[in-house]
Amino acid sequence: MSKLLAEVQILPFEGTSQRDIETLIEELMSLGIVATMLPKASIVPPSYNQQRRQYNAEILLDRVRLAPGHSVLGMTNGDLYVDGLNFVFGLADSPGKAALISLHRLHAGTDDATFRLRMVKEALHELGHTHGLGHCADPRCVMAFSNSLADTDHKGQEFCSRCAHKFRGH
C-alpha cells in the first residue's frame, strides 16, 4: 500500500487496553497515518443500554466530536449499536472529523495477528468515511461494507485505487 499521508488523533475510551491503542497507532503509522493519542475519555452513562448490554454508538460519537483535532478516531472495548441494527463495528461522520470503532467483536475466535488486521481494517474504514468515502462495491477494498467478521476478514486492508485517490484528495 502506498503511504496515505494523513493525521489522526486517537481518543481511547475508559477500559480500552493500552496495548491495543499502541498497536493501532503503530499500524497506522506504518501506513503513513500519523496517529497520536489523546487522554482517555470517560464513557457517559446515558450511552449504555442496559436491556441491550451495548453502548449507543451515536452518543459516543458525540463525545468524539468534542475532542481536539481535525480528525479524531474514538476506540472502545464496548459493544456498539445504532438504532435499527444489532451491532456496529464502528460509526463515523461522512464527511466529518469524528469516527469510532469498537474492538469488542474483533477479538472473537481469533489470534493476535488476525485481531490486529481487523482493528486496522475497521479504523481505516471509518477514517475513510470521515474523508467522504461511502461503501465500495469492490469486495477487497477496505471500504467494502462489513456485516460480519467474515466480511471483515475477507476484505483487504487497503483502499482500492478509486477510494485511495479520493482519500488522498480530501
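Here are some notes:
- Checking the stated criteria, Cys141 turns out to be touching a helix residue (DSSP H, G or I) at 6+ places or on another chain (Cβ under 6 Å) and buried (at least 21 other Cβ atoms within 10 Å of the Cβ).
- Residues that are out of contact with any Pro (no Cβ under 8 Å at 6 or more places or on another chain) and surrounded by fewer than 17 Cβ atoms within 10 Å (Cβ to Cβ) were ranked within region 26-42; the one that is nearest to Phe115 (Cα to Cα) is Glu26.
- Matching residues, region 121-170, being hydroxyl-bearing (Ser, Thr, Tyr) and either touching a residue at least 40 places away in the same chain (Cβ under 8 Å) or in contact with a strand residue (DSSP E or B) (Cβ under 8 Å, 6 or more places away or on another chain) (or both): Thr130, Ser146, Thr152
The rows are residues; the columns are (1) part of a strand (DSSP E or B); (2) closer than 16 Å to Ala123 by Cβ.
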site: Pro46; (1), (2): no, no
site: Ile59; (1), (2): no, no
site: Ala67; (1), (2): no, yes
site: Gly74; (1), (2): yes, yes
site: Asp83; (1), (2): no, no
site: Ser94; (1), (2): no, yes
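- Residue count, region 48-57 (criterion: outside any strand (DSSP E or B) and closer than 26 Å to Phe145 by Cβ): 3
- Total residues in region 1-23, condition touching a Leu at 6+ places or on another chain (Cβ under 8 Å), surrounded by 13 or more Cβ atoms within 10 Å (Cβ to Cβ) and not in a strand (DSSP E or B): 4
- A Cβ distance below 8 Å, combined with a sequence gap of six or more or placement on separate chains, defines the contacts here; from region 53-74, residues that are surrounded by 18 or more Cβ atoms within 10 Å (Cβ to Cβ) reach residues that are of a type in the set (Lys, Arg) and part of a helix (DSSP H, G or I) in the pairs Val72/Arg65; Gly74/Arg63.
- One residue stands out among those in region 119-157 that are aliphatic (A, V, I, L, M) and assigned to a helix (DSSP H, G or I): the one that is farthest from Pro12 (Cα to Cα), which is Ala150.
No value in this document is a laboratory result; all are computed from the given coordinates. Here the structure is a predicted model, which is why all the values come from computation and not from measurement. Reconstructed Cβ throughout: ideal geometry from the backbone, glycine too, with neighbour counts over all protein chains shown.
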